[in-house]
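The values are calculated or read from the model by the stated rules, or taken from the named source; none is laboratory data. This structure is a prediction, so every number in the text was calculated from the model and none was measured. Glycine gets a Cβ as well: all are built from the backbone with ideal geometry, and neighbour counts include every protein chain shown. Heads up: the accessible areas ignore ligands, DNA and RNA and are worked out on the full protein's heavy atoms, side chains in. Shrake-Rupley method; radii C 1.70, N 1.55, O 1.52, S 1.80 Å.
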Amino acid sequence: MMAGSAAATFTGVSAGTAHAAVPASPGVTYTNNIAEQRADPHIWKHTDGFYYFTATVPAYDRIVLRRATTIQGLSSATETTIWTKHASGAMGAHIWAPEIHFIDGKWYIYFAAGDANNIWKIRPYVLECTAANPITGAWAEKGRIALPLDTFSLDATTFVVNSTRYLSWAQNDPAVGSGTNIYIAQMSSPWTITGTPVMLSRPTASWETAGGQTVNEGPAVIQRNGKVFMTFSASATDANYCMGMLTASASANLLSASSWAKSAGPVFASNAATSQYGPGHNQFTVSEDGKSDILVYHDRSYKDISGDPLNDPNRRTRVQKIYWKADGTPDFGIPVADGLTPIRLSSYNFPDRFIRHWEFRAKTEPNVSPLADSQFRVVTGLAGSGTVSLESANFPGYFLRHKNFEVWVEKNDGTATFRSDASFTARAGLADSAGVSYESYNFPGRYIRHYEYLLQVQALSTATDRADATFYTQ
């Protein structure tokens, strides 16, 4: 899947007048969670204007499907069971990780299933639907994906690079060791691989083997900037669960393990501050306007699990926007807190700079790391009266507030003064109405602006002042 935002471009004729065009990937927000007790989520944006959503259900006994015209709409969309496990034999247990794809005019669902008589004999299978609407259409079993090695195998996904279709999946090879590795093969049909599979990754690092499990699973692919990024999940399915990433050039031989480089550590992991644990088994989709890449994943809201994590039903489906670094690689940030997802605010006249906090002082800076330092939730103003407050993504309960007319990120102390200092009226951008400017609630006429890259709350009089007080949401 290819999607997403381009870097902001400049307009103007000199350094004094240069400013950013409206970002190609404007801000987009959702309210998590999208679906409770739905793990291993997959959302497909189709050309018919609908998003199609499927996921693992806690009973592990069926495949469900729902659709809506928006990602948020999936939360309340009617859910239909389109296939149920067999009463005996193959496909009779552990129905896991369904994915829905549209290939050559037909719908396909890839899923893993055990045997009713051997629930851990898990293998990948495919369903096909020729109807326009896969929820009401009939599904035919195309059978098992035949892999050369007849061992524990799951999490099949499919993608196309340079007109060639590939399958990637997780599988155990006793000759390699315990646990599961990531494999890739070319496809000759939507349910058939061709050639010899290639192992791309095996779990060897501590972040891939935490919790007593050696796991690489759940591959998912996003393409951008001439690169192929394959995320995967690692470690036990509790709070240790996390995402790693493999990267290859789109022009390389993807069937050669040497074409892929693995991330040195997880690219997405548990975050105690936001109460998100075990994020993973992700997929990708795009925003309603097609301008932003969206990460789809599951996690839990608590760390401690009683018994086998696979018997805990409370993994839930979540989404959040993906941002792209200057070097063209994705930055997933942190799994954000429940509720409204955050945005970033880029400077109108310095488009590579974003509002961020650094040692709790608010400033503008390029190439922000960690990403979450530059993410804020725009919530109902603490002072009310039609105002907004900007809550830190990685320090929930901390807000942008002014004191001595300097802007800081501080914890809400519950006082009336704090509520007033942390509340602003969102105005159309003073230098560009497509942007936004934030007027102080308790000092009307003063706006958040950057001055020598530090944020202040000041009265404005010149065109430069107004430019410094204008930001774009991203």
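Descriptive notes on the structure:
- Residue, surrounded by the fewest Cβ atoms within 10 Å (Cβ to Cβ), within the stretch 359-370, restricted to residues that are of a type outside the set (D, E, K, R) and within 18 Å of F405 (Cβ to Cβ): F360
- For the stretch 222-258, the set of residues classified as on the phi < 0 side of the Ramachandran plot, of a type in the set (S, T, Y) and surrounded by 19 or more Cβ atoms within 10 Å (Cβ to Cβ) consists of T231, S233, T237, Y241, listed by residue number.
- Members of the stretch 371-383 found to be farther than 23 Å from K325 by Cβ and either under 26 Å from the mean Cα position of the chain (by Cα) or open to solvent by less than 20 Å² (accessible area, probe 1.4 Å) (or both), listed by number: V378, V379, T380, G381
- Flag if T180 is in contact with a strand residue (DSSP E or B) (Cβ under 9 Å, 6 or more places away or on another chain), modelled with pLDDT of 95 or more, polar (S, T, N, Q) and open to solvent by less than 70 Å² (accessible area, probe 1.4 Å): yes
- Here the condition is being under 25 Å from the mean Cα position of the chain (by Cα) and of a type in the set (K, R); of R144, R67, R123, it holds for R67 alone.
- Screening R356 on (1) in contact with a helix residue (DSSP H, G or I) (Cβ under 7 Å, 6 or more places away or on another chain); (2) open to solvent by 10 Å² or more (accessible area, probe 1.4 Å); (3) without any contact (Cβ under 8 Å) to a residue 40 or more places away in the chain shows it passes everything except condition (2).
- Every condition in (1) outside any loop (DSSP other than H, G, I, E, B); (2) open to solvent by 10 Å² or more (accessible area, probe 1.4 Å) is met by H298 except one, and the failing one is (2).
- Looking only at the stretch 37-53, and only at residues there that are part of a loop (DSSP other than H, G, I, E, B) and surrounded by 20 or more Cβ atoms within 10 Å (Cβ to Cβ), the one that is nearest to the chain's Cα centre (by Cα): R38
- Residue check, A93 within 19 Å of D40 (Cα to Cα) and either at pLDDT below 95 or open to solvent by less than 70 Å² (accessible area, probe 1.4 Å) (or both): yes
- Check on A393, out of contact with any Ser or Thr (no Cβ under 7 Å at 6 or more places or on another chain), hydrophobic (A, V, I, L, M, F, W, C), closer than 30 Å to C242 by Cβ and surrounded by 20 or more Cβ atoms within 10 Å (Cβ to Cβ): yes
- The condition of being out of contact with any helix residue (DSSP H, G or I) (no Cβ under 6 Å at 6 or more places or on another chain), in a strand (DSSP E or B) and open to solvent by 60 Å² or more (accessible area, probe 1.4 Å) holds for only one of E99, E141, E128, that being E141.
- Enumeration of residues in the stretch 264-283 that are buried (at least 18 other Cβ atoms within 10 Å of the Cβ), out of contact with any Pro (no Cβ under 8 Å at 6 or more places or on another chain) and either of a type in the set (A, V, I, L, M, F, W, C) or in a loop (DSSP other than H, G, I, E, B) (or both): P266
- Residues within the stretch 144-176 that are part of a loop (DSSP other than H, G, I, E, B) and surrounded by 13 or more Cβ atoms within 10 Å (Cβ to Cβ), tallied: 8
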